[in-house]
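The values are calculated or read from the model by the stated rules, or taken from the named source; none is laboratory data. Please read these numbers as outputs of a predicted model, since none were measured by experiment. A quick note on method: Cβ atoms are made from the backbone with ideal geometry, for glycine too, and the neighbour counts reach across all protein chains shown. What goes into the accessible areas is simple: the full protein's heavy atoms, side chains included, and nothing from ligands, DNA or RNA. Shrake-Rupley method; radii C 1.70, N 1.55, O 1.52, S 1.80 Å.
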Amino acid sequence: MPEFQRFSYDVLVIGAGGAGLRAAIEAGAAGAKVGVVCKSLLGKAHTVMAEGGIAAALANVDDRDNWRVHFADTMRGGQYLNNWRMAELHAKEAPECVRELEAWGALFDRTTDGKILQRNFGGHRYPRLAHVGDRTGLEMIRTLQDHGIHTGMEVHMECTVLSLLLDGNRIAGACGYDRERGRFQLWEAKAVVLATGGIGRAFKVTSNSWEYTGDGLALAYRAGAELQDMEFVQFHPTGMVWPISVSGILVTEGVRGEGGVLRNSEGRRFMFDDIPDLYKEQTADSEEEGWRYTQGDKNARRPPELLTRDHVARCINREVKAGRGSPHGGVFLDISWIKERMPKSEEHIKRKLPSMYHQFKQLADLDITKEPMEVGPTTHYMMGGIRVDGDSQMSNVPGLFAAGEAAAGLHGANRLGGNSLSDLVVFGRRAGRFAAEFANANGPVTIDEAELGTTATAALAPFDRGPAGENPYQIQYDLQETMQDLVGIVRVESEMQQALDAIGQLSARAERIGIAGNREYNNGWHTTIDIGNMMIVSEAITRAALLRKESRGAQFREDFPNKDSEWGKYNIVIRRSVDGEMQVEKRALTPMPDELKKVIEEMK
Ligand code: FAD
């Protein structure tokens, strides 16, 4: 068996984004010895890319806001498939978590009277997103790192976790390798928190960076944990479409929050054409009213560009398919038009959206203060993930916790913008606390050495096959094309069946991948490991999307275009059967207590 470098912790946190760091800080504060493993450099997690802001009912800009409105907005956005307990805890605890970040040194933008400023975002009734220009994630990660580094956590950077280890049915740690040298590592732990983020790289067009290959979901699934809501993949309506080399890069919803409008090639604001019943009462019926809303008029309703992401993405898709798209296959997003209403609009745009200004200037040679951008949908966020207990964040595997984008429940069928950053701190904190409690209450674990050997042998097998084997990059490309074309924004049974066949064939080819070279800096090897995870995630998405025979939130079925109230009673849960097959089933939602039902009724 290859040699393993060995470490031992009470709590092992896999992932160093907002959720992982917040969990590590909390577990450390509870007295646990904490190890953190991350696939890239510390500070480079997805969280650092977050732009628009973090949602919390601080009521600094509109005093009508409170946890009840935030709860109702989150449930409505998720089309009532959310884990209501998580939505409740999230709405109640997010303000405290934002203030905690501030106390740890985060410098949010300010109101004129010195409070944390909040901006509008899709699906939020009131301005609710605390932000730092359009670089909120950077400030959040900087703050968590600065604070966390003093709590004594040990960080293993640029290490990829290959497998979770079990002691009986209880978690016992994880093993993996360092990407620089390819040396194997073992992190023994009494409790593990998975905070590995999303799955965007399973699709061709995505806002996600190379790391987001669904590793945490696949690791948990292989270890016996249940996955949930895998059919709900969020396609953000506005990604760059041109130049092709940068297609998919996110254009923050903050652009629309600041007054940006969507137009088709005929110059028409097409979002007024189709407003879902659920949002009719809350949506402006004129351009004038929409503009007033973005400028803080409390009597105005929000413009249709700020409807939920699933809906806006589908409307853009419809315009493009109808031949009313922009030259490069998107539509136009225009913030420059505000010059008609606002003196010094150029300075205003540069101050409120500095990253967007530079992104378009540098990547597309376009000045957004003067010209419209071309945008189209991009795979952005995974609502589904590891099924956890709402309070503790523990999965069905004892000692295995999950938080952040890797966990399911809070967002239901569709996430509202800004609700991820708040998810990370609220549930990262909870996962860390409960993981430390679990570690404290349970004795040492025993490592199964044979299992370690099997994992290492399987990981090294592509080297034995050498360059004559299948090419990992080709398989990755083919999988991304399959998911993009057959399980994308608009889904239909026949295409998803085709996708399942293709995934089966690609999985068989993946078994034959061969790699040249050695273990040092070997990107072909890293990609091979990613592919195994992406296959599980892609199959789970496809099987769940096939089973849900309705359209709801992020899932749109051309063959079942309507919402079906019967399906509104179930989540879809996936687990691995004893013979290794993927099992997919409907699981009834837990009944909501009457007092929360009342909150939703009041807010309608
Ligand atoms: P991440 O921050 O994604 O971190 C995952 C960690 O897991 C990383 O450290 C990674 O290295 C590690 N990891 C993964 N696999 C492995 C493995 N096998 N072994 C070891 N480590 C591993 N949300 C908002 O609420 N507001 C916004 O304004 C916003 N803007 C966004 C803008 C962009 C461009 C993007 C892409 C997303 C945005 N989001 C926003 C979403 C939000 O940023 C993410 O959902 C969130 O940051 C995920 O955080 P996380 O802690 O769950 O995981």
Study note, to complete from the structure: So, first residue touching a residue at least 40 places away in the same chain (Cβ under 8 Å) in the stretch 373-387, second residue among the basic types (Lys, Arg) and assigned to a strand (DSSP E or B), Cβ within less than 9 Å, six or more apart or across chains; the pairs are Arg387/Arg575; Arg387/Arg587
Check your understanding: What pairs come up if the first residue lies in the stretch 521-548 and is modelled with pLDDT under 95, the second is open to solvent by 10 Å² or more (accessible area, probe 1.4 Å) and among the charged types (D, E, K, R), and their beta carbons are under 8 Å apart, counting only those six or more places apart or on different chains?
Key -> Tyr521/Arg179; Tyr521/Glu180
Review point. Quick one: in the stretch 143-164, which of the residues that are in contact (Cβ under 8 Å) with a residue 60 or more places away in the chain and part of a helix (DSSP H, G or I) is nearest to the ligand (Cβ to nearest atom)?
Key: Leu144
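Quick check on the stretch 223-246. Is at least one of its residues among the aliphatic types (A, V, I, L, M), under 13 Å from Phe121 (Cα atoms) and surrounded by 16 or more Cβ atoms within 10 Å (Cβ to Cβ)?
no
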Revision key, fill the gap. Residues of the stretch 431-448 being under 26 Å from Ala94 (Cβ atoms) and open to solvent by less than 20 Å² (accessible area, probe 1.4 Å), in sequence order, are Ala431, Gly432, Ala435, Ala436
Review point. Taking the stretch 1-25, which residues are crowded, with 24+ Cβ neighbours inside 10 Å and away from the ligand (no atom under 13 Å from the Cβ)?
Key: Val11
**Study point:** Count - residues of the stretch 105-126 that are crowded, with 19+ Cβ neighbours inside 10 Å, closer than 17 Å to Leu138 by Cα and small (Gly, Ala, Ser)
**Key:** 1
Exercise for review: Specify the residue that is farthest from Met535 (Cα to Cα); the eligible residues are those in the stretch 209-248 that are within 9 Å of the ligand (Cβ to nearest atom) and assigned to a loop (DSSP other than H, G, I, E, B).
Suggested key: Ser209
Exercise for review: Give the stretch 336-383 a look and list any residue that's in contact with a helix residue (DSSP H, G or I) (Cβ under 7 Å, 6 or more places away or on another chain) and within 13 Å of the ligand (Cβ to nearest atom), or say none.
Suggested key: Leu353, Met356, Thr379, His380, Tyr381, Met382
Check your understanding: Scanning the stretch 414-456 for residues that are within 13 Å of the ligand (Cβ to nearest atom) and hydrophobic (A, V, I, L, M, F, W, C), which turns out modelled with the lowest pLDDT?
Key -> Leu416
Check your understanding: Any residue at all in the stretch 201-215 that is at pLDDT 95 or above and farther than 27 Å from Tyr477 by Cβ?
Key -> no
Review point. Ser494 versus (1) away from the ligand (no atom under 16 Å from the Cβ); (2) open to solvent by less than 30 Å² (accessible area, probe 1.4 Å): which is the lone unmet condition?
Key: (2)
Exercise for review: Please find, within the stretch 58-80, the residue that is nearest to the ligand (Cβ to nearest atom) out of those that are of a type in the set (Val, Ile, Thr) and open to solvent by less than 10 Å² (accessible area, probe 1.4 Å).
Suggested key: Thr74
Point to revise | the stretch 289-300 residues that are touching a residue at least 12 places away in the same chain (Cβ under 8 Å), paired with ones that are of a type in the set (A, V, I, L, M) and open to solvent by 20 Å² or more (accessible area, probe 1.4 Å) (beta carbon under 9 Å, 6 or more apart) | key: Gln295/Met342; Gly296/Val61
Practice item. Being assigned to a helix (DSSP H, G or I) and buried (at least 20 other Cβ atoms within 10 Å of the Cβ) is the filter here, so list the residues in the stretch 316-359 that pass it. Key: Ile316, Asn317, Glu319, Ile338, Ile349, Lys352, Met356, Tyr357, Gln359
Exercise for review: Could you figure out which of (1) within 23 Å of Ile541 (Cβ to Cβ); (2) surrounded by 22 or more Cβ atoms within 10 Å (Cβ to Cβ) isn't true of Met373?
Suggested key: (1)
Check your understanding: Can you pull out the residues in the stretch 26-57 that are surrounded by fewer than 21 Cβ atoms within 10 Å (Cβ to Cβ) and either more than 21 Å from the chain's Cα centre (by Cα) or near the ligand (Cβ under 6 Å from one of its atoms) (or both)?
Key -> Ala29, Ala30, Gly31, Lys33, Ser40, Met49
Review point. Can you name the number of the only condition in (1) over 25 Å from the mean Cα position of the chain (by Cα); (2) not in a helix (DSSP H, G or I) that Lys549 fails?
Key: (1)
Check your understanding: Residues of the stretch 249-275 being away from the ligand (no atom under 16 Å from the Cβ) and not aliphatic (A, V, I, L, M), which ones?
Key -> Gly259, Arg263, Asn264, Ser265, Glu266, Gly267, Arg268, Arg269, Phe270, Phe272, Asp273, Asp274
Check your understanding: What residue, of Arg68, Arg64, Arg125, Arg85, is in contact (Cβ under 8 Å) with a residue 60 or more places away in the chain and under 21 Å from the mean Cα position of the chain (by Cα)?
Key -> Arg85
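Just need a number here: residues in the stretch 168-208 that are in contact (Cβ under 8 Å) with a residue 40 or more places away in the chain, within 11 Å of the ligand (Cβ to nearest atom) and not polar (S, T, N, Q).
14
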Practice item. Report, by residue number, each residue of the stretch 366-395 that is over 19 Å from the mean Cα position of the chain (by Cα) and assigned to a loop (DSSP other than H, G, I, E, B). Key: Leu366, Asp367, Ile368, Thr369, Lys370, Glu371, Pro372, Asp391, Ser392
**Study point:** Residue list for the stretch 557-585, restricted to those being surrounded by fewer than 23 Cβ atoms within 10 Å (Cβ to Cβ) and under 19 Å from the mean Cα position of the chain (by Cα)
**Key:** Val573
Check your understanding: Glu139: more than 12 Å from the ligand (Cβ to nearest atom), assigned to a helix (DSSP H, G or I) and on the phi < 0 side of the Ramachandran plot, yes or no?
Key -> no
